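Here's the structure, in structure tokens; my notes come after.
Bear in mind that the values in this text are calculations on the coordinates, not laboratory data. Computed from a predicted model, the values in this text were never measured in an experiment. FYI the Cβ positions are ideal-geometry reconstructions off the backbone, even for glycines, and counts take in every protein chain you see.
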Amino acid sequence: MRTRVTDLLGISYPIIQGGMQWVGRAELASAVSNAGGLGILTALTQPDPDALRAEIARCRAMTDKPFGVNLTILPTTSPPPYEDYLEAALDSGIRVIETAGRSPREFITRIKDAGGVIVHKCTAVRHAVSAERAGVDAISIDGFEAAGHPGEDGIGGLILFAAAAGQVRIPLIASGGIGTGQGMAAALMLGAEGINMGTRFCATQEAPIHDNIKQAMVDASERDTNLIFRPFRNTGRVLKNGVSDEVIRIERRPGGAEFEDVRSLVSGARGKAALTSGKIDDGLVWASQVMGLIEDIPSCRELIDRIVRDCRKAIDRGQAAFSG
Ligand code: NAD
């Protein structure tokens, strides 16, 4: 396949792995890159910038293909040294930086000076337009189906991808709710030149999380997510489980709730422990509506090959509809 996204990122297929907290480690990123996509290491998954340097070195020992680093800036219980993480990535020779959560404006000059490429992930067309104007190289836009923090507007991918494609001139990557070749074909038809997948890559053999979590994603339907943090305007889409049900119960209490009321339930440390132990109800597990389309736990290579094959078939089927 060839699109402006494959050319920009130096990859074979325009398929990017989401920068997922606790999951974006060398095992997964290298497997995605080795299969022809772009693997992403999540900076804040590492406890400090030196640990990110070590993780980049570990990933490099596992692949000679390009991979990127995600830097997400969102409300957090203890703000990390974002600039030092960025320096660690750039010093280590990382070329592709995925920014997310907030305007990337303050980082653009530094990344460009280092010869880097910035893919900015956002959840609204107005933010995409503003990031393009600020000088990023590509936009990754998250429909409301997405896991993690899909923004406050509630616009699904079918509308959002087309609306963004109508206003953004730089390459567009569709994200949120994509996990099949049919989904990829739809995104391309709507004007995207690549896709980003998070949850779908969690249910792969190489994802560094417990098998119980992967199986939970296979077993879950598209109805099995919860939207938390809506009252705090930091909406998060997560797997429906004991913890996220409890968070919603607290948020809906008469008189409302504050973040402090849920803080101990939602901590990243607790979510990380659940991903490691496989105890599904022990913490937040971030997951998208695409769970309804996940039926197996393939290797990253099997998954990417299948998606590309099914995407081609879906496009051929669409063309056949016009050929009599
Ligand atoms: P954490 O333990 O700092 O916080 C847990 C959750 O609570 C996060 O979703 C965070 O955004 C939210 N939160 C924290 N303080 C808040 C406040 N004052 N008001 C409203 N919400 C608040 O986070 P972590 O799990 O250690 O993750 C570290 C960083 O990675 C955070 O910035 C987090 O948002 C981000 N993250 C991103 C995704 C994603 O979709 N890209 C998913 C999980 C975490």
Within the set 16, 250, 155, GNM on the chain using Cα springs under 10 Å gives the largest fluctuation to 250
Check residue 195: other-chain or 5+ apart residues with amide H under 5 Å from its amide H, H built from backbone geometry? 15, 16, 174
Would you please give the residues with an amide H less than 5 Å from that of residue 299, counting only those at least 5 places away or on a separate chain, with H modeled from the backbone geometry? 205
In segment 205-237, whose amide N lies under 14 Å from the spot 7 Å out along Cα-to-Cβ of residue 74? List them in ranges. 226-237
Using unit Cβ charges (K, R positive; D, E negative) and no other charged atoms, how large, in debye to the nearest 20, is the dipole of segment 160-227 about its Cα centre? 220
Other-chain or far-sequence residues with amide H under 5 Å of residue 140's (modelled H): 120, 121, 122, 173
Check: the chain dipole with +1 on Lys, Arg Cβ and -1 on Asp, Glu Cβ, in debye: 580
Using a 10 angstrom Cβ neighbour count of at most 14 plus a DSSP loop assignment to flag exposed GluC sites (Glu not before Pro), which longest range of the chain is free of such sites? 1-151
Multiply the residue separation of residue 167 and residue 114 by 0.36 nm, subtract the distance between their alpha-carbon atoms, and state the gained length in nm to one decimal. 16.2 nm
I need two numbers for segment 201-324: Rg to one decimal and Dmax as a whole number, Cα atoms only, in Å. 18.3, 62
³J(HN,Hα) computed for each position of segment 119-130 - Karplus, 6.51 cos²θ - 1.76 cosθ + 1.60, integer Hz, glycine/proline x: 9, 9, 9, 9, 10, 8, 4, 5, 6, 5, 5, 5
The Cα radius of gyration of the chain, divided by 2.2 N^0.38 Å with N its residue count, comes to 0.94
Treating only the Cβ atoms of Lys and Arg (+1) and Asp and Glu (-1) as charged, compute the dipole magnitude of segment 211-289 about its Cα centre; round to the nearest 20 debye. 180
Inter-label distance, nm, simple model (7 Å from Cα along the C-beta direction), residue 309/residue 105: 4.8
Would you calculate the separation in nanometres between label points at residue 4 and residue 267, each defined as 7 Å from the Cα along the Cα-to-beta-carbon direction? 4.5
Which FRET efficiency value, to the nearest 0.05, do you get for residue 129 and residue 158 by plugging their Cβ-Cβ distance into 1/(1 + (r/R0)^6) with R0 = 25 Å? 0.80
Along segment 86-96, Karplus-curve 3J(HN,Hα) (6.51, -1.76, 1.60; θ = phi - 60°) to the nearest Hz, with x for Gly and Pro, reads 4, 4, 4, 5, 5, 4, 7, x, 6, 9, 9
With 31 Å as the limit, write out which pairs from 65/272; 112/313; 112/279; 65/279 have Cα-Cα distances beyond it, or answer none. 112/313; 112/279; 65/279
Under the Karplus relation 6.51 cos²θ - 1.76 cosθ + 1.60, θ = phi - 60°, what is the ordered set of whole-Hz ³J(HN,Hα) values for segment 2-15, x standing for Gly and Pro? 9, 9, 5, 6, 5, 5, 5, 9, x, 10, 7, 10, x, 10
